[in-house]
Each structure stands twice: as C-alpha cells, then as structure tokens.
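Since the structure comes first, as structure tokens, the remarks are kept for the end.
Each value in this text was obtained by applying a stated rule to the coordinates, not by laboratory testing. These numbers come from a predicted model, not from an experiment. Cβ atoms come from the backbone with ideal geometry, glycine included; neighbour counts cover every protein chain shown.
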Amino acid sequence: MSRRSLAAAAAALALTAAGAAPRPAGAYVARGPAWPYATVTYTSDTPAYTASIDRAGRLVNRANVGVRLRRDDRYPDVTFVYHGSPCDGSAYVGFRRRRTSTVWLGRGCSRDLITLTAVHELGHVLGLDHETSRCARMNPSFDASGTPGRCARRPLSYWLAHPFTADDVRGLRALY
C-alpha cells in the first residue's frame, strides 16, 4: 500500500471512529427533521386504501430503522387522505411541530401499487427526500411493476417483499 493510500485509510478510519464517516456519493437524502418519539401514529381517511396503508406501516416496521409506525384512529400524528391522480402521493418531509402531518394519495390505484406509494410517502413523513442518483424507493417515481425510476426492473411481487433498498434503510437509520 502506498503512503497516500495509507494516509487516506487512516483519515477514513479516524472519521469513522469519530462517528463522522463520509457519506457515499449519491446516497440517501435525509432532510428531516426526525420525529422526536419512537412511535409515529397514523390513521386513514381513505377507506379503499386502509388495508394497503396498514401493510405499508408493517413494511416500514419490518425494516427496523429505529422508529415504529402504529395505527391510531383517535390521536394520529399522520392522516392519509384522498387527493391527486391515481397512484400519486404527496407528503411533507419530516416532523411537523404544530399539527398533524397529511399524506395525500390519488384514488383509483391497485392495492399493491398504493402500498408502495404509501411506503414512499412514509419515507417522506419520516424525513427522507427524493433520491435521484441511485436505486431507491425514494426515487421520485416508479413504473407499473413498482420498480423505482433508477432501479433494474423487477416484478411487483419482488418490490412488495423488498420495498426499501439498502440506501433507503441507511437514510432512515441515520435519522433514527
């Protein structure tokens, strides 16, 4: 190993030991702010999508990112409502201090695709923004198979079993 390589390796090791490891180029975009508590509650004012939203919540929880989602129809932190074009979604990024956060979902989407839309929007709610340089659920769009814009095409069943990429999980774990 050359002196330059040894010096670079030592600098990287020092940054890692200090907890300030450099972020890989093109990695997740965490805009936050993160939620100040370990469980974020949600409710659905979208009867046709409630089961899909519950499924999305379970998928986020399965990723073990340091925050949990739980349905609470009485005191929700997040409310899902209908608005927009079929399969579209929209949400504020991160914790909102003064009021309940809203997630908008467009009517007329299949249950499976709206599950992936809800997972993406929950990524926003938890503090992630769009990732435009590598494959991630947080890419701004996905196709009819559920494949995010910068990812190799896979069947819908794959994306429902693996909704988050490693990049998404790294971003959420960095926030929580």
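Stokes-Einstein D for the stretch 23-154 at 10 °C, 1.306 mPa s, Kirkwood Rh over Cα pairs, in µm²/s?
Answer, rounded: 107 µm²/s.
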message: How are the alpha carbon pair distances in the stretch 36-76 distributed across 5 Å bins from zero to the largest one, expressed in percent?
response: 6, 24, 30, 24, 12, 4, 0
query: How big is the stretch 107-176 in terms of Cα radius of gyration and Dmax, in angstroms?
result: 11.3, 34
task: Report the charge-dipole magnitude of the stretch 79-134 in Debye, nearest 20, computed about the Cα centre from +1 at each Lys and Arg Cβ and -1 at each Asp and Glu Cβ.
output: 320 debye
- request: Report the full-extension gain for the segment Asp112 to Leu160: residue separation times 0.36 nm, less the Cα-Cα distance, to one decimal in nm.
  value: 16.5 nm
